[in-house]
Amino acid sequence: MNRHRLIDLTGEITLKLRGVVPIKRKLIVISGILILIAAMLGIDYFRMKQVEIQVLSVSPSPAPASSDENVEIRVRVVRKGGQPVAGHLLYALSLGGGDFQSFYVKTDGDGYAKFIYYPYDLPSYQKPRDVEIEIRDESNSIFIEMYPKVRYTIKMVAPENSDSDGLIVDDFFD
Amino acid sequence: MVKCFLRILSLISCCLMLFALVSCGKTEGKSDTGSKDSDNLSELDKVAREIADSYAGFDLPKINDGKPVTIKVHLGDIIPTLSEIPTAEQPDVFNSTEILRRAFMMLFPNVTVEWARTVDTSSSDAFLQYITTQLNSGTAPDIVSAWGASFAYRGWYYDFTEVLEKPNPFVKDNKRWRDQFPEYVFATWQVSDAKDRVVAIPVSLAAGTSTALYYNKELFSKLSINAPKTWEDLFTACKTLLGNGYISFSPWGGPGSGNRKISTTLWDVQFSLGPYYAAKQKDKLDYNGDGIQSQSELFRAAYEGHYFVSTNDYVWDMWKQVKRKYTTCLEKGYENSDYETKWLLGKVGILEDGLWRYPSELSNTDRQFEFGIIPPPAIDTDSTEFVDKLEYTESGPYRPVPRASFNIIKDSAMAHGGEGNIQACVAFLQFLTQPDNNNMIINEEKGKSISIIKGSKVPPQLTEYFKQPFPKTPSFSWPGGFTNAGAEKMSKILELWVKDQISDSEFKKQFDDEFKKDIMEFVQLMQIDTSQYKKGF
C-alpha cells in the first residue's frame, strides 16, 4: 500500500490509502508457488515409492564383532515392475558402530551393488549388540531430497577368538 | 470467497512447514555436562556404565580427596560431536570420548569433566592469542590439544615426566604408565620439549605416515610411470607428467596455504628430506648415540651450528633439494591453483594430502579413475651423497609419529582447583590411554590414526595401505625455527630464495642470521642452560 499524507492549513491530516496490487492477484501468485512446491514434492514422493532397495545377502551372518571381519552386504535396486536401476549412487550408514570400506557405491547395469562393512571391536566386558544399517538411493530425487531407503539389522556375535591374527601396532615400532 | 481462499492457503502453508520440520529430522542434543535428554543419551550412558563397572576391584586414586572439582577439556578433533546419532545428513558422529567422559564421571562422582569447544586452533597465531587472553581472564581450558610441545617455550605446560614413571591405575598390572607407549615417541616434538620434559600425552599415532601421495593409477599406467618410491623417482614422474600436458603434482592445502606456501616446515622437509640428511650426520647430531635424536639433542645441535646453511654443505644441499622440487616438479601457478576438480577429472598425476583424506577418497564415486596411495618418497643416494642408502620395511610403516597429544595448562589447572584439578586431568588422560578405551577412540577415527598403545590392532581401513614397504624414516628431526615468530621470518627468507628474489649468498646469510636470533630468543624463553654447549656462532 502507498500511504499519502496531506496536511492542510488548519493542521488537519488526511490519509489516503491506495492498493497497488489487488489482494486477489497476490493470493493467486502465492498459491501458484505453493502448488508448484507441492507438485515437486509429489513428483519426488512418487519417484521414491517406485524404487525399492533389497538387501539380498549379508555374509557372514551372524557377524563376529571384530574389525578383522569383512562383512559383505549385497543389495539390489529395482523399480516397482522389477526392472533394475543402473548407475544409482547408494549411500550406506551404520547406526550402531563399525564402518564401511566405502560408504558410497554405484549400482551396476543390473542394479546390484556391494558394500563391505567392518564391525566394531567388542571389548571383553561387553555383550555383542546388533547393528542397524541404513542404505539409501541418492540418485532418485529430482527436486527435493526424498530418498528411497532400507534399514537392515546385522546380527552380531562375540568373535570366537579374541586374539587378532591381523596387524598390531607393535609391528611398526622397531 | 477470499476468506475461504485464505483458509486453504494457510492450511497448505501449515502442511508444508510441518513437512519441512519432519524432513529436517530430529537433532539429538548433547549437553557439555552430560544431562540426559533423549533415549539415545541413555544408550551412551549404558555403555558408559558397562565401562565404569569393568573397573570394579581396581585400586583407583581418590581425586581431590573426594571434594568436587571441575576440569575443562579440549580434545582437538576427537572432541565428541554435538550430534550423537548418525544420520545420512550428518553421518560423522564422534561419541567415544563422550562415553568415556561419562564413564570417568561415574567412577569419580566428585569430578566434572566439561568440554572446551571454543579453543581456537585454526592457526598457531590464533591459538597463542586465544590462550593468552583466556589465561588472563582465568577461563582457559585445563587440557588442550595444541601441536605437542610447540608452545612449551611459553612455560604453560605441566611436566608429565614423573607421573609417567608411576602405574596407570586403569591398567591391570601396569608398573609404569610410560611402558604403554613405544619409547621413540618420547623423543618427538609432539611429546617432549627441548629440555626432554614430557609436556604432552600422546593418544594416537599417524596412520602409518602423517601424509601420503595419492596418484592416478590409470594415468601412470598409460604413461608407463612407476609409483615413486624415492625422491628421484618423484622427479622422473613429474617430468613425464608435465611433458605430456598433465598437472604433475598438487601440493597439499588450498590456494596460498599449506604446502603451496613455502615454509621451513614443508612436508618435504619433515618427511622426505630432513630426517635422512640429519641421520647421515648422526655423529654430530645424536649426542648420546642411541640412534634417536631427542628434542634437547636437536636444540643443542642447532645451537652448536650444525643446522646453519652457510657452514654446512649438507644443510645447503637439503635446502637446494627443496628449491629443486618447487621450481622443476610443480606446474607454474601452483600457489594459487585449486586442483581438486582437475584431480577428479583425471588431469592431475599426483595429489599430496594427509592420511585423513583416505576414507573419503575411497568413497568418492565422482573420481573417474582408480587411485593408488604411497608414503612420501624419501631421498636416497641417487639424489645426493649427503644421505645414507635408503632402507625399507618389508611391509607397513616404521615408527609412525604421534598424531593427537594433549597438554595440561598448569596455571589454568591450578586456578581451577589447584593440585586436585591437576590430579583429575592426569587421571582423565590415563583413562584415555587405557587400551580398551583408546581402541574405542581409534576405531571411531575410521582409519585416520592408529593406536599408540602397545598391543593394539590396526584399523581395517588401513590394512591395504600397510601392505606396501615403507621407507624407514630415521628418528631425527630438522628444525624450522624454534619460536613461532622466528620460524615465520626464516620461512619468508626461504620463500624469497626459492622464488629467485634473493641470491644464494643473501639467502645463506639472512637465513642463518634469523636462525641465530631465533635460537637466542628460545634460550631465554626456555631458560636453557647452554654452559655445556659449544656455541656455533
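No lab work stands behind these numbers, since they all come straight from the coordinates. What you see is a predicted model; the values in this text were computed from it and never measured. Because the Cβ atoms are built from the backbone with ideal geometry, glycine has one as well, and the counts that use them run over all protein chains shown.
Numbers for the structure displayed
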| item | result |
| --- | --- |
| GNM flexibility winner over chain A from A:Val55, A:Val75, A:Val29 (Cα, springs under 10 Å) | A:Val29 |
| Among A:Lys24, A:Lys149, A:Lys49: highest mean-square fluctuation, GNM of chain A, C-alpha pairs under 10 Å | A:Lys24 |
| Amide proton proximity set for B:Gly536, modelled H, under 5 Å, gap of 5+ | B:Glu304, B:Gly305 |
| Around B:Pro400: net Lys/Arg minus Asp/Glu count, Cβ-Cβ under 15 Å | +1 |
| Under 5 Å, built H, 5+ apart or other chain: amide partners of A:Val157 | A:Ala63, A:Ala65 |
| Ranking of A:Phe143, A:Phe100, B:Phe127 by count of other Cβ atoms within 10 Å, fewest first | A:Phe143, B:Phe127, A:Phe100 |
| Share of alpha-carbon pairs per 20 Å distance bin for the protein assembly as shown, given as whole % | 15, 43, 31, 10, 2, 0 |
| Whole-angstrom gap from the stretch A:27-43 to the stretch B:342-389, using each part's C-alpha centre | 50 |
| Which of A:Asp110, B:Asp45, B:Asp173 has the fewest Cβ neighbours within 10 Å, and the rest in rising order | B:Asp173, A:Asp110, B:Asp45 |
| Angle between chain A longest axis and helix A:23-50 axis [Cα atoms, degrees, rounded to 10] | 10 |
| The stretch A:141-156-the stretch B:431-484 distance, computed between alpha-carbon centres (Å) | 34 |
| The stretch A:100-174: GluC sites (Glu not before Pro) in DSSP loop, at most 11 other beta carbons within 10 Å | A:Glu160 |
| Formal net charge of residues neighbouring B:Val309 (Cβ-Cβ distance under 14 Å; K, R +1; D, E -1) | -3 |
| Proxy reagent accessibility, fewest Cβ within 10 Å first, across B:Lys489, B:Lys454, A:Lys80 | A:Lys80, B:Lys454, B:Lys489 |
| Part-to-part distance (alpha-carbon centres) for the stretch B:516-533 and the stretch B:262-332, which is given in Å | 20 |
| Globularity index of the stretch A:44-157, i.e. its alpha-carbon radius of gyration over 2.2 N^0.38 Å | 1.12 |
| Neighbourhood net charge (13 Å Cβ-Cβ; Lys/Arg +1, Asp/Glu -1) for B:Gly289 | -2 |
| Whole-Hz ³J(HN,Hα) from phi, Karplus 6.51 cos²θ - 1.76 cosθ + 1.60, for the stretch A:93-101, glycine and proline x | 9, 9, 9, x, x, x, 8, 9, 4 |
| Over chain A, relative contact order from alpha-carbon pairs under 8 Å, at least 6 apart, % | 22 |
| Cα shape, the stretch B:393-537, gyration tensor, a/c 1.5 rule | oblate |
| Within the stretch B:296-334, trypsin sites (Lys or Arg not before Pro) in DSSP loop having at most 14 other beta-carbon neighbours inside 10 Å | B:Lys332 |
| Long-range Cα-Cα pairs in chain B (distance over 31 Å), rounded percent | 53 |
| Nearby lysines by direct alpha-carbon distance to B:Lys46 (threshold 19 angstrom, same-chain neighbours under 8 apart not counted) | A:Lys127, B:Lys30, B:Lys36 |
| Using θ = phi - 60° and Karplus 6.51 cos²θ - 1.76 cosθ + 1.60, couplings along the stretch B:522-532 (whole Hz; Gly, Pro as x) | 5, 4, 5, 4, 8, 6, 7, 7, 9, 4, 8 |
| DSSP-assigned coil residues among GluC sites (Glu not before Pro) in the stretch B:45-122, each with at most 15 further Cβ atoms within 10 Å | B:Glu89 |
| Amide H within-cut-off set for B:Thr112, under 5 Å, with H built and near neighbours excluded | B:Val69, B:Thr70, B:Ile71 |
| Across B:Lys325/B:Lys516; B:Lys284/B:Lys410; B:Lys222/B:Lys332; B:Lys195/B:Lys229; A:Lys114/B:Lys347, pairs whose alpha-carbon gap is larger than 31 Å | B:Lys284/B:Lys410; B:Lys195/B:Lys229 |
| Residue with peak Gaussian network fluctuation, chain A [Cα springs, cutoff 10 Å], from A:Ile35, A:Ile116, A:Ile154 | A:Ile35 |
